[in-house]
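Here is the structure we will look at.
The values are calculated or read from the model by the stated rules, or taken from the named source; none is laboratory data. This is a predicted model, so every value here is computed, not measured. Backbone-built Cβ (ideal geometry, glycine too); neighbour counts: all protein chains shown. Accessible surface is based on the protein model in full, side chains and every heavy atom, while ligands, DNA and RNA are left aside. Shrake-Rupley method; radii C 1.70, N 1.55, O 1.52, S 1.80 Å.
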Amino acid sequence: MSSTVGQTIKCKAAIAWEAGKPLVIEEVEVAPPQAGEVRLKILYTSLCHTDVYFWDAKGQTPLFPRIFGHEASGIVESVGEGVTHLKPGDHALPVFTGECGDCAHCKSEESNMCELLRINTDRGVMIHDGQSRFSKNGQPIHHFLGTSTFSEYTVVHAGCVAKINPAAPLDKVCVLSCGICTGFGATVNVAKPKPGSSVAIFGLGAVGLAAAEGARVSGASRIIGVDLVSARFEEAKKFGVNEFVNPKDHDKPVQQVIAEMTNGGVDRAVECTGSIQAMVSAFECVHDGWGLAVLVGVPSKDDAFKTAPINFLNERTLKGTFYGNYKPRTDLPSVVEKYMSGVSLLTQ
(Lines give C-alpha, C1' and ligand atoms only; values in the text may rest on other atoms or scores of the structure.)
Protein backbone atom coordinates (compact mmCIF):
# COMPACT_ATOMS: atom_id res chain seq x y z
CA MET A 1 0.00 0.00 0.00
CA SER A 2 3.00 2.33 0.50
CA SER A 3 3.22 3.05 -3.25
CA THR A 4 -0.10 4.87 -3.10
CA VAL A 5 0.77 7.22 -0.24
CA GLY A 6 0.27 10.83 -1.28
CA GLN A 7 -1.33 9.85 -4.56
CA THR A 8 -4.90 9.80 -5.79
CA ILE A 9 -6.26 6.25 -5.81
CA LYS A 10 -8.65 4.92 -8.42
CA CYS A 11 -10.98 2.25 -7.08
CA LYS A 12 -14.50 0.87 -7.26
CA ALA A 13 -17.36 2.39 -5.28
CA ALA A 14 -21.12 2.05 -5.15
CA ILE A 15 -22.47 5.47 -6.12
CA ALA A 16 -25.99 6.69 -5.42
CA TRP A 17 -26.67 9.19 -8.21
CA GLU A 18 -30.28 9.86 -7.29
CA ALA A 19 -32.61 9.22 -4.38
CA GLY A 20 -34.11 5.76 -4.44
CA LYS A 21 -32.33 4.72 -7.67
CA PRO A 22 -30.11 1.60 -7.74
CA LEU A 23 -26.50 2.11 -6.70
CA VAL A 24 -24.00 1.93 -9.55
CA ILE A 25 -20.59 0.26 -9.16
CA GLU A 26 -18.16 2.60 -10.86
CA GLU A 27 -14.55 3.72 -10.72
CA VAL A 28 -13.94 6.79 -8.59
CA GLU A 29 -10.92 8.82 -7.60
CA VAL A 30 -10.05 9.08 -3.91
CA ALA A 31 -7.74 11.95 -3.03
CA PRO A 32 -5.00 11.63 -0.38
CA PRO A 33 -5.88 12.48 3.22
CA GLN A 34 -5.35 16.08 4.30
CA ALA A 35 -4.35 17.30 7.76
CA GLY A 36 -6.12 15.34 10.50
CA GLU A 37 -7.47 12.74 8.08
CA VAL A 38 -6.92 9.04 7.36
CA ARG A 39 -7.33 7.07 4.15
CA LEU A 40 -8.62 3.57 4.76
CA LYS A 41 -8.71 0.48 2.60
CA ILE A 42 -12.16 -0.91 3.35
CA LEU A 43 -12.14 -4.70 3.59
CA TYR A 44 -15.63 -5.33 4.94
CA THR A 45 -18.75 -3.20 5.03
CA SER A 46 -22.28 -4.06 6.04
CA LEU A 47 -25.62 -2.49 5.22
CA CYS A 48 -27.32 -0.51 7.96
CA HIS A 49 -30.94 0.57 7.67
CA THR A 50 -29.77 4.17 8.05
CA ASP A 51 -28.00 3.85 4.69
CA VAL A 52 -31.27 2.79 3.09
CA TYR A 53 -33.15 5.54 4.89
CA PHE A 54 -30.97 8.33 3.52
CA TRP A 55 -30.64 6.72 0.08
CA ASP A 56 -34.43 6.75 -0.14
CA ALA A 57 -34.33 10.37 1.10
CA LYS A 58 -37.93 10.40 2.27
CA GLY A 59 -38.20 12.70 5.26
CA GLN A 60 -34.52 13.66 5.00
CA THR A 61 -32.47 16.23 3.11
CA PRO A 62 -31.47 14.75 -0.28
CA LEU A 63 -27.78 15.08 -1.14
CA PHE A 64 -26.58 13.38 -4.32
CA PRO A 65 -24.47 11.96 -5.87
CA ARG A 66 -23.27 10.27 -2.72
CA ILE A 67 -21.33 7.24 -1.50
CA PHE A 68 -23.14 5.64 1.41
CA GLY A 69 -21.92 3.13 4.00
CA HIS A 70 -20.84 3.64 7.60
CA GLU A 71 -20.56 0.20 9.24
CA ALA A 72 -17.21 -1.20 8.20
CA SER A 73 -13.67 -2.32 8.94
CA GLY A 74 -10.40 -1.87 7.16
CA ILE A 75 -6.70 -1.09 7.20
CA VAL A 76 -5.04 2.31 7.31
CA GLU A 77 -3.45 3.05 3.93
CA SER A 78 -2.05 6.48 4.77
CA VAL A 79 -2.47 9.34 7.23
CA GLY A 80 -2.50 13.10 6.87
CA GLU A 81 -0.41 15.68 8.66
CA GLY A 82 -0.77 15.72 12.42
CA VAL A 83 -2.24 12.24 12.80
CA THR A 84 -0.31 10.42 15.52
CA HIS A 85 -2.56 7.67 16.91
CA LEU A 86 -2.74 5.79 13.60
CA LYS A 87 -0.20 4.62 11.06
CA PRO A 88 -0.30 2.70 7.76
CA GLY A 89 -1.12 -0.96 8.31
CA ASP A 90 -3.19 -0.45 11.46
CA HIS A 91 -6.48 -2.33 11.62
CA ALA A 92 -9.27 0.11 12.23
CA LEU A 93 -13.00 0.78 12.44
CA PRO A 94 -14.44 4.00 10.99
CA VAL A 95 -17.33 5.43 13.01
CA PHE A 96 -20.08 7.87 12.03
CA THR A 97 -19.44 10.01 15.10
CA GLY A 98 -16.07 11.04 16.44
CA GLU A 99 -13.88 12.06 19.32
CA CYS A 100 -11.63 15.09 18.97
CA GLY A 101 -10.41 14.65 22.54
CA ASP A 102 -10.34 18.36 23.32
CA CYS A 103 -13.92 19.64 23.57
CA ALA A 104 -16.11 19.69 26.68
CA HIS A 105 -18.06 16.65 25.49
CA CYS A 106 -14.95 14.57 24.89
CA LYS A 107 -13.62 15.51 28.32
CA SER A 108 -16.92 14.63 29.98
CA GLU A 109 -17.53 11.11 31.23
CA GLU A 110 -21.23 11.55 30.50
CA SER A 111 -21.19 12.44 26.79
CA ASN A 112 -19.91 11.17 23.47
CA MET A 113 -21.36 14.10 21.50
CA CYS A 114 -18.08 15.60 20.28
CA GLU A 115 -18.59 19.25 19.32
CA LEU A 116 -16.43 18.90 16.22
CA LEU A 117 -17.19 15.38 15.02
CA ARG A 118 -20.70 14.50 16.21
CA ILE A 119 -22.95 12.89 13.62
CA ASN A 120 -24.01 15.23 10.82
CA THR A 121 -26.26 13.66 8.19
CA ASP A 122 -26.37 16.75 5.97
CA ARG A 123 -22.63 17.29 5.58
CA GLY A 124 -21.19 15.75 2.43
CA VAL A 125 -17.67 17.16 2.59
CA MET A 126 -14.62 16.99 4.85
CA ILE A 127 -14.36 19.36 7.80
CA HIS A 128 -10.76 20.40 7.06
CA ASP A 129 -11.44 22.29 3.83
CA GLY A 130 -15.11 21.81 2.95
CA GLN A 131 -14.19 19.65 -0.04
CA SER A 132 -14.96 16.07 -0.99
CA ARG A 133 -12.18 13.50 -1.34
CA PHE A 134 -14.26 11.56 -3.89
CA SER A 135 -14.68 12.47 -7.55
CA LYS A 136 -15.55 10.94 -10.88
CA ASN A 137 -14.43 12.62 -14.09
CA GLY A 138 -13.87 15.81 -12.13
CA GLN A 139 -17.32 15.79 -10.52
CA PRO A 140 -17.25 15.76 -6.71
CA ILE A 141 -19.21 12.98 -4.99
CA HIS A 142 -20.61 13.62 -1.53
CA HIS A 143 -19.50 11.77 1.58
CA PHE A 144 -22.01 10.19 3.97
CA LEU A 145 -21.67 10.45 7.76
CA GLY A 146 -17.99 11.17 7.26
CA THR A 147 -17.32 7.51 6.42
CA SER A 148 -18.60 6.46 2.94
CA THR A 149 -17.57 2.84 3.26
CA PHE A 150 -19.29 1.62 0.06
CA SER A 151 -15.94 2.32 -1.58
CA GLU A 152 -12.75 0.26 -1.69
CA TYR A 153 -10.93 3.29 -0.26
CA THR A 154 -12.31 6.17 1.77
CA VAL A 155 -11.03 9.22 3.63
CA VAL A 156 -12.20 9.78 7.20
CA HIS A 157 -11.37 12.32 9.90
CA ALA A 158 -8.81 10.70 12.21
CA GLY A 159 -11.04 11.37 15.21
CA CYS A 160 -13.63 9.03 13.70
CA VAL A 161 -11.25 6.09 13.38
CA ALA A 162 -10.59 3.59 16.17
CA LYS A 163 -7.42 1.49 16.10
CA ILE A 164 -8.21 -2.11 17.09
CA ASN A 165 -6.47 -5.39 17.82
CA PRO A 166 -5.06 -6.73 14.52
CA ALA A 167 -6.09 -10.24 15.58
CA ALA A 168 -9.77 -9.29 15.56
CA PRO A 169 -11.70 -10.78 12.61
CA LEU A 170 -12.57 -7.75 10.52
CA ASP A 171 -15.52 -9.52 8.89
CA LYS A 172 -17.15 -9.83 12.32
CA VAL A 173 -16.16 -6.68 14.20
CA CYS A 174 -17.21 -4.36 11.37
CA VAL A 175 -20.73 -4.31 12.85
CA LEU A 176 -19.32 -2.87 16.08
CA SER A 177 -18.78 0.41 14.24
CA CYS A 178 -22.51 1.08 14.27
CA GLY A 179 -25.41 -1.26 15.01
CA ILE A 180 -24.13 -3.54 17.75
CA CYS A 181 -22.57 -0.80 19.87
CA THR A 182 -25.58 1.44 19.29
CA GLY A 183 -28.05 -1.10 20.64
CA PHE A 184 -25.92 -2.76 23.29
CA GLY A 185 -24.67 0.58 24.62
CA ALA A 186 -28.17 2.07 24.70
CA THR A 187 -29.07 -0.61 27.22
CA VAL A 188 -25.93 -1.04 29.34
CA ASN A 189 -24.65 2.56 29.22
CA VAL A 190 -27.87 4.57 29.15
CA ALA A 191 -30.89 2.52 30.27
CA LYS A 192 -28.81 0.61 32.84
CA PRO A 193 -31.44 -1.97 33.87
CA LYS A 194 -30.97 -3.59 37.26
CA PRO A 195 -30.80 -7.35 37.82
CA GLY A 196 -34.30 -8.79 37.97
CA SER A 197 -35.86 -5.83 36.16
CA SER A 198 -38.14 -5.74 33.11
CA VAL A 199 -37.11 -4.29 29.75
CA ALA A 200 -39.10 -3.74 26.56
CA ILE A 201 -37.19 -3.65 23.27
CA PHE A 202 -38.99 -1.95 20.37
CA GLY A 203 -37.71 -3.30 17.05
CA LEU A 204 -35.89 -6.62 16.71
CA GLY A 205 -33.48 -5.86 13.91
CA ALA A 206 -29.73 -5.92 14.50
CA VAL A 207 -29.79 -2.88 16.80
CA GLY A 208 -32.74 -4.20 18.77
CA LEU A 209 -31.15 -7.62 19.21
CA ALA A 210 -28.01 -5.95 20.51
CA ALA A 211 -30.15 -3.94 22.92
CA ALA A 212 -31.81 -7.16 24.08
CA GLU A 213 -28.41 -8.73 24.61
CA GLY A 214 -27.50 -5.75 26.74
CA ALA A 215 -30.57 -6.39 28.87
CA ARG A 216 -29.68 -10.07 29.16
CA VAL A 217 -26.12 -9.48 30.37
CA SER A 218 -27.45 -6.84 32.78
CA GLY A 219 -29.55 -9.50 34.46
CA ALA A 220 -33.03 -8.38 33.40
CA SER A 221 -35.55 -11.12 34.13
CA ARG A 222 -38.27 -10.05 31.68
CA ILE A 223 -37.17 -8.94 28.22
CA ILE A 224 -40.16 -8.15 26.06
CA GLY A 225 -39.60 -7.88 22.32
CA VAL A 226 -41.96 -5.65 20.35
CA ASP A 227 -42.04 -5.94 16.58
CA LEU A 228 -44.51 -5.87 13.70
CA VAL A 229 -42.82 -8.93 12.14
CA SER A 230 -43.56 -12.03 14.19
CA ALA A 231 -40.97 -14.05 12.26
CA ARG A 232 -38.26 -12.18 14.16
CA PHE A 233 -39.33 -13.50 17.53
CA GLU A 234 -37.65 -16.90 17.31
CA GLU A 235 -34.22 -15.45 16.54
CA ALA A 236 -34.65 -12.90 19.32
CA LYS A 237 -34.82 -15.69 21.91
CA LYS A 238 -31.09 -16.28 21.34
CA PHE A 239 -30.45 -12.76 22.66
CA GLY A 240 -32.48 -13.10 25.83
CA VAL A 241 -35.94 -12.02 24.68
CA ASN A 242 -38.42 -14.19 26.58
CA GLU A 243 -41.74 -12.48 25.82
CA PHE A 244 -43.14 -11.06 22.60
CA VAL A 245 -45.73 -8.54 21.52
CA ASN A 246 -46.83 -7.82 17.97
CA PRO A 247 -48.87 -4.59 18.06
CA LYS A 248 -50.92 -5.81 15.09
CA ASP A 249 -52.31 -8.63 17.25
CA HIS A 250 -54.05 -6.20 19.61
CA ASP A 251 -56.90 -3.72 19.35
CA LYS A 252 -55.40 -1.36 21.92
CA PRO A 253 -52.18 0.70 22.01
CA VAL A 254 -49.11 -1.46 22.58
CA GLN A 255 -48.07 0.64 25.57
CA GLN A 256 -51.35 -0.30 27.23
CA VAL A 257 -50.77 -3.97 26.42
CA ILE A 258 -47.31 -3.87 28.01
CA ALA A 259 -48.57 -1.97 31.06
CA GLU A 260 -51.18 -4.66 31.62
CA MET A 261 -48.56 -7.40 31.21
CA THR A 262 -46.23 -5.84 33.76
CA ASN A 263 -48.49 -4.45 36.47
CA GLY A 264 -48.14 -0.84 35.42
CA GLY A 265 -45.23 -0.79 32.99
CA VAL A 266 -41.69 -1.97 32.40
CA ASP A 267 -38.69 -0.62 34.28
CA ARG A 268 -36.83 0.23 31.07
CA ALA A 269 -37.66 0.50 27.37
CA VAL A 270 -35.28 0.85 24.43
CA GLU A 271 -36.65 2.00 21.07
CA CYS A 272 -34.70 0.85 18.00
CA THR A 273 -36.94 1.58 15.02
CA GLY A 274 -36.95 5.29 14.16
CA SER A 275 -40.76 5.21 14.12
CA ILE A 276 -42.17 8.17 16.02
CA GLN A 277 -45.13 6.04 17.05
CA ALA A 278 -42.78 3.43 18.52
CA MET A 279 -40.87 6.18 20.33
CA VAL A 280 -44.01 7.45 22.02
CA SER A 281 -45.11 3.90 22.85
CA ALA A 282 -41.72 3.08 24.37
CA PHE A 283 -41.92 6.12 26.65
CA GLU A 284 -45.52 5.59 27.64
CA CYS A 285 -45.01 1.89 28.45
CA VAL A 286 -42.49 2.48 31.25
CA HIS A 287 -43.62 2.45 34.87
CA ASP A 288 -44.40 5.72 36.61
CA GLY A 289 -42.09 6.68 39.44
CA TRP A 290 -38.91 5.10 38.04
CA GLY A 291 -39.41 4.03 34.43
CA LEU A 292 -36.86 5.16 31.84
CA ALA A 293 -37.10 4.99 28.04
CA VAL A 294 -34.15 5.38 25.67
CA LEU A 295 -34.62 6.47 22.05
CA VAL A 296 -32.15 5.05 19.53
CA GLY A 297 -33.80 5.11 16.10
CA VAL A 298 -33.45 8.05 13.72
CA PRO A 299 -36.85 9.64 12.94
CA SER A 300 -37.85 11.74 9.95
CA LYS A 301 -36.64 15.31 10.34
CA ASP A 302 -40.20 16.68 10.53
CA ASP A 303 -41.43 14.21 13.16
CA ALA A 304 -42.56 15.61 16.51
CA PHE A 305 -42.68 13.68 19.77
CA LYS A 306 -46.09 14.18 21.36
CA THR A 307 -47.16 12.87 24.75
CA ALA A 308 -49.16 14.20 27.67
CA PRO A 309 -47.05 16.29 30.10
CA ILE A 310 -48.47 14.26 32.98
CA ASN A 311 -46.33 11.34 31.79
CA PHE A 312 -43.25 13.34 32.78
CA LEU A 313 -44.81 14.71 35.94
CA ASN A 314 -45.47 11.12 37.00
CA GLU A 315 -41.70 10.65 37.07
CA ARG A 316 -41.06 8.82 33.85
CA THR A 317 -37.72 9.66 32.22
CA LEU A 318 -36.92 9.96 28.52
CA LYS A 319 -33.40 9.87 27.12
CA GLY A 320 -31.79 9.65 23.71
CA THR A 321 -28.44 8.30 22.59
CA PHE A 322 -26.14 8.14 19.58
CA TYR A 323 -23.82 5.16 19.31
CA GLY A 324 -24.81 3.83 22.71
CA ASN A 325 -22.86 6.57 24.52
CA TYR A 326 -19.58 4.96 23.47
CA LYS A 327 -16.63 7.25 22.68
CA PRO A 328 -15.22 5.79 19.43
CA ARG A 329 -11.47 6.10 20.00
CA THR A 330 -11.54 5.58 23.77
CA ASP A 331 -14.14 2.82 24.14
CA LEU A 332 -14.28 0.86 20.89
CA PRO A 333 -10.90 -0.90 21.24
CA SER A 334 -11.99 -2.36 24.60
CA VAL A 335 -15.35 -3.41 23.14
CA VAL A 336 -13.44 -5.35 20.49
CA GLU A 337 -11.33 -6.95 23.21
CA LYS A 338 -14.50 -8.07 25.03
CA TYR A 339 -15.66 -9.74 21.85
CA MET A 340 -12.26 -11.37 21.42
CA SER A 341 -12.45 -12.79 24.95
CA GLY A 342 -15.93 -14.22 24.34
CA VAL A 343 -17.86 -11.75 26.49
CA SER A 344 -21.34 -11.29 25.00
CA LEU A 345 -21.98 -9.09 21.97
CA LEU A 346 -21.23 -11.12 18.82
CA THR A 347 -20.46 -14.42 20.50
CA GLN A 348 -23.89 -15.85 19.68
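When the residues of segment 6-23 are filtered to those that are among the aliphatic types (A, V, I, L, M), open to solvent by less than 60 Å² (accessible area, probe 1.4 Å) and modelled with pLDDT of 95 or more, the one that is farthest from P88 (Cα to Cα) is A16.
Listed by position, the strands (runs of 3 or more DSSP E) enclosed by segment 222-303 that each have at least 1 residues that are of a type in the set (D, E, K, R) and touching a helix residue (DSSP H, G or I) at 6+ places or on another chain (Cβ under 6 Å) are 268-271. Among the residues of segment 244-282, those that are open to solvent by less than 20 Å² (accessible area, probe 1.4 Å) and either outside the structural domain of E213 (by the TED database) or of a type in the set (A, V, I, L, M) (or both) comprise V245, V254, V257, I258, V266, A269, V270, A278, M279, A282. For the condition at pLDDT below 95, more than 27 Å from V207 (Cα to Cα) and assigned to a loop (DSSP other than H, G, I, E, B), G59 does not qualify. The residue list Q7, Q60, Q34 contains one member that is of a type in the set (S, T, N, Q), touching a residue at least 12 places away in the same chain (Cβ under 8 Å) and within 19 Å of L117 (Cβ to Cβ), which is Q34. Within segment 217-243, the set of residues being free of Cβ contacts under 8 Å to residues at least 60 places away in the same chain, open to solvent by 60 Å² or more (accessible area, probe 1.4 Å) and not small (G, A, S) comprises R222, L228, V229, R232, E234, E235, K237, N242.
Just the residues that are hydrophobic (A, V, I, L, M, F, W, C), touching a helix residue (DSSP H, G or I) at 6+ places or on another chain (Cβ under 7 Å) and open to solvent by 20 Å² or more (accessible area, probe 1.4 Å), please, taken from segment 87-115. Before the answer, list the steps.
The initial filter retains those residues of segment 87-115 that are hydrophobic (A, V, I, L, M, F, W, C), namely 92-93, 95-96, 100, 103-104, 106, 113-114.
Subsequent filtering for residues that are touching a helix residue (DSSP H, G or I) at 6+ places or on another chain (Cβ under 7 Å) retains 93, 95, 100, 113-114.
Those that are hydrophobic (A, V, I, L, M, F, W, C), touching a helix residue (DSSP H, G or I) at 6+ places or on another chain (Cβ under 7 Å) and open to solvent by 20 Å² or more (accessible area, probe 1.4 Å): C100, M113.
Could you list all residues from segment 304-330 that are under 18 Å from E260 (Cα atoms) and assigned to a loop (DSSP other than H, G, I, E, B)? Residues satisfying the conditions are N314, R316. Within the option set G36, G74, G80, being in contact with a Pro (Cβ under 6 Å, 6 or more places away or on another chain) and closer than 14 Å to V156 by Cα holds for one residue only, G80.
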